[in-house]
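Below: the structure, in structure tokens.
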Amino acid sequence: MENKFNLTREQNIFVAKRNIVDYIWKSANLEGIGVTYPETQAIYDGGVVNGLTVDNIIAINNLKYAWQFVLENEGIEYDYKALCQIHKLTCDKLVLDENLGRIRTTPVNIGGTKWTPQFPIESQIKEELENLLNQPEKTKTEIAIEIMLWIMRRQMFIDGNKRVAMLFANKILIDNGCGIITIEQDLQTTFFEKLIKFYETGDNTDLKGWIYDNCIDGISLNN
């Protein structure tokens with residue numbers, strides 16, 4: 001699985017900043033946060049938006065702050081600590097403080113399937129993440145997609161796993177100039193169908209290929 005884009009980090013950040021509201025809007029909708037693009041833009045700009053719940057407004061602002069963390073911190077490790085920090089930023093004021101940046105200690109159910117994720121154990125999470133990162137035979141693009149899907153299926157946090165997964169994967173992609181994962185509105189139904197299948201089987205082959213083919217944004221540079 002080759003890198004689809006070969007940018008500098010600065011070029012990749014330019015792409016991200018140019019489309020940041022669009023990425024936030026799509027990511028929010030993917031988690032069932034019902035906001036329109038204009039509402040997302042207004043919240044991002046610090047404006048007042050009537051008719052939305054407080055939680056929806058907080059969720060959009062949290063995504064803004066999480067994206068800032070991704071774009072402004074070049075030297076951080078892609079480790080468990082960074083994963084937890086992204087969760088803190090995305091779920092601040094939306095989950096109990098005792099659950100912020102910490103793996104869950106209660107069971108969760110997944111909509112659309114009877115499959116239930118195993119309880120996360122910190123030592124296992126750290127080992128699995130390290131193993132996924134340490135695959136020299138694979139491109140950064142493939143590694144980022146695999147880690148994103150692993151976070152989603154692992155369901156290590158009480159809430160916000162898809163948001164955290166995409167942000168963490170995009171941190172890897174952006175730092176290495178490989179583009180940005182974003183799922184278009186008209187592809188989200190297909191994504192969820194494939195995600196449920198992945199949850200149930202543990203086989204990421206189909207979903208990983210589909211993400212690669214349909215969900216990586218970037219710019220092609222003329223030589």
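The values are calculated or read from the model by the stated rules, or taken from the named source; none is laboratory data. The model shown is predicted, which means the values in this text are computed figures rather than measured ones. We place every Cβ from the backbone using ideal geometry, glycine too, and count neighbours over all the protein chains shown.
Within segment 31-72, being under 24 Å from Met156 (Cα atoms), touching a residue at least 12 places away in the same chain (Cβ under 8 Å) and among the polar types (S, T, N, Q) holds for Asn56, Asn61, Asn62. Of all residues in segment 3-18, at least one satisfies being in contact with a strand residue (DSSP E or B) (Cβ under 9 Å, 6 or more places away or on another chain), over 17 Å from Tyr65 (Cα atoms) and of a type in the set (D, E, K, R). Given the structure, is Val49 assigned to a loop (DSSP other than H, G, I, E, B), aliphatic (A, V, I, L, M) and within 27 Å of Asn204 (Cβ to Cβ)? Against the criterion (assigned to a loop (DSSP other than H, G, I, E, B), aliphatic (A, V, I, L, M) and within 27 Å of Asn204 (Cβ to Cβ)), Val49 does not qualify.
Look at segment 204-216: where a residue is buried (at least 16 other Cβ atoms within 10 Å of the Cβ) and a partner is part of a loop (DSSP other than H, G, I, E, B) and hydrophobic (A, V, I, L, M, F, W, C), sitting 6+ places away or on another chain with Cβ atoms under 9 Å, you get Lys208/Met1; Ile211/Ile183; Tyr212/Met1; Cys215/Ile183; Ile216/Phe5; Ile216/Cys178.
Residues considered: Arg153, Arg102. Of these, the only one that is farther than 22 Å from Phe198 by Cβ, at pLDDT 95 or above and charged (D, E, K, R) is Arg102. Filtered by the rule that a residue be of a type in the set (Lys, Arg), touching a residue at least 12 places away in the same chain (Cβ under 8 Å) and more than 17 Å from Cys178 (Cα to Cα), segment 109-158 gives Lys126, Arg153, Arg154. Number of residues in segment 154-181 that are under 18 Å from Leu207 (Cα atoms), surrounded by 22 or more Cβ atoms within 10 Å (Cβ to Cβ) and among the charged types (D, E, K, R): the value is 1.
Look at Leu167 and say whether it is in a helix (DSSP H, G or I), closer than 29 Å to Asp97 by Cα and in contact with a Ser or Thr (Cβ under 8 Å, 6 or more places away or on another chain).
yes
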